[in-house]
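What follows is a short report on a single structure.
The numbers here are math on the coordinates, done by the rules we state, and not lab data. Everything quoted here is computed from the prediction, not taken from an experiment. Neighbour counts are summed over all protein chains in view; Cβ atoms, including those assigned to glycine, are modelled from backbone coordinates with ideal geometry.
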Amino acid sequence: MDMTGNGSDALGLLEAALPSPARRTIDALEEGGYESWCVGGFVRDALMGRPVHDVDIATAAPWQEAARVLAAAGARVHETGTAHGTITAVVDGEPIEVTTFRVDGTYRDGRHPDSVTFVSSIEDDLARRDFTVNALAYHPRRGLLDPFGGRGDLEAGVLRAVGDPRRRFEEDALRILRACRFASQLGFALDEAAYQAAVSQKSLLARVSRERIARELDGFVCGDHVHDALLATVDILSFVLPELVAMRGFEQRTPYHIYDVLEHTAWVMQHSPAEPVARWAALCHDMGKPAAAFTGPDGVGHFYGHAAVSVALATGLFERLGMPTAVREAVLALVRRHDDVIEPTPRSVRRALNRLGGDPGLFRALCALKRADALSQAPRCAPRAQLADELVEVMERVLADEGAFTVRGLAVDGRAVMALGIPQGPAVGDALQAALEAVMDERVPNEPKALETFIRETCCEQAPSSKEPSCRSTTP
Ligand code: ATP
Ligand code: MG
């Protein structure tokens, strides 16, 4: 048994991070006669001092035995993946995955092992794991088990495959994207062999379901080190995100930019809040630039209308990945609007809110995107980040005042409009829209009396040649 890295610092970190329900689960299994270890992300993250989210336990117990022992110790047990030897024990309200030591059989589809074989040693179980930093095991008394040098790779920040990366990616192509995701989450670099294998075998990703691809990409875009990871793995990700290819090396010949479109995008992602809507919007916002670009006679680059092309590309991307509608809609709205000019005035902010369907959360997200965008251009543009913060302040005031920025928020409704003599039909909507424009521009207060007078004066004039009342647009 290769027991290395039992330095007291490392063990102290693990000891401190191990939640007591996990410790009790291990103790119960061992008292039942079954060797058991903490494995996977918990060991890795605890050693790095990162927050730990769940603890996986590997055990010599067949799953039926693990279930029996843990139920006898008072846990609720769910049969969550018994075909692969996995049960979930709920201990003090904490779900803990317990999996029998196993090796995976062949992967005919490059995704799921066709079979698993249960084995008796933890070393064999660790050998089936994807990267050395994920192939560490920890036991509160026996310490750290590190047969593949995961500790050293953790310190060096390297993602190295356990065994031959070509074979490991062939077995399960998802590992190629897991590598990219870990690069983004941990700030690690793929070692040369893993990188070469991932690039040359990226076409295996065609076998992976879009749900699993989307899940890894969500993790990738939300990583703390996404800037470095995007630039480092673009030639791998290109197979599932072909939109990246035109962005790489596409120079922006304007006084506002110092980066090509890809690196600018990487910075905007890095400066955006680490959640999927914000990060996907950052990834997509300038995707249309290469297609919309032209160089003026003075040598300056222009990208008129690029947001619309970005929306088209992002629409295709989200369709392909089967992204949830709510995420897709929010991202597309942000991409569509990212370049809109918004002044820090209530009038301009109300109009922007209106274009976003009246959703203050989306407006805040748009401001965050604008802020990140400003921080990712030439240093001279950085002060524009402040403008984004100002816009949020103005929005808070707009939300608190009596004004409206959607038809729903008007102090009159369709019924009131019809009571003024406007016939049911499109004219009612036109009158409400005209009233909304007037309120957003602060020409009319958002009060029933004032709005009725306004509508009567502007929309109920009898056009000389028509029998119907006609509505005049008041749009400036
Ligand atoms: P996180 O939970 O933070 O995403 P993790 O490393 O715990 O990271 P999981 O997907 O929870 O990742 O998997 C737990 C462990 O199982 C991994 O650490 C790794 O050892 C192993 N593992 C998971 N997926 C694979 C895979 N596709 N191929 C090989 N080993 C895998
Ligand atoms: Mg995990």
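A few points about this structure:
- Residue order, fewest to most surrounding Cβ atoms within 10 angstrom, among Trp267, Trp280: Trp267, Trp280
- Shape analysis of the stretch 303-423 places it in the oblate category; the axes a ≥ b ≥ c from the Cα gyration tensor give an a/c of at least 1.5, with a/b not above b/c.
- Two-site label geometry, Asp124 and Asp235: point separation in nm, points 7 Å out along Cα→Cβ: 3.9
- Extension gain, Arg210 back to Gln386 (0.36 nm per residue minus Cα-Cα distance, nm): 59.5 nm
- Relative contact order computed over the chain (Cα-Cα under 8 Å; 6+ residues apart), in percent: 8
- Taking the number of Cβ atoms within 10 Å of each Cβ as an exposure proxy, the fewest-first ranking of Lys449, Lys370, Lys202 is Lys449, Lys202, Lys370.
- Evaluated on the chain, the Kirkwood hydrodynamic radius is 26.1 Å, with distances taken between all distinct Cα atoms.
- The fewest-to-most ranking of His257, His302 by surrounding Cβ atoms within 10 Å reads His302, His257.
- Global form of the stretch 1-132, assessed from the alpha-carbon gyration tensor, a/c cut-off 1.5: oblate
- Potential lengthening between Glu457 and Ala419 on full extension [0.36 nm per residue; Cα-Cα distance subtracted]: 12.2 nm
- FRET efficiency estimate (nearest 0.05) - Cβ-Cβ, Asp359 to Val245, R0 51 angstrom: 0.95
- Shape category assigned to the stretch 277-363 from the gyration tensor of Cα positions, a/c cut at 1.5: oblate
- Cβ-Cβ distance of Gln196 and Ala156, R₀ of 25 Å, FRET efficiency by 1/(1 + (r/R0)^6): the value works out to about 0.85.
- Among beta bridges that DSSP assigns inside the chain, antiparallel share in %, nearest 5: 80
- Nearest-0.05 FRET efficiency for Asp9 and Thr325, computed from C-beta distance (R0 56 Å): 0.75
- With 5 Å bins from 0: P(r) over the stretch 158-207, alpha-carbon pairs, percent: 5, 25, 37, 23, 9, 1
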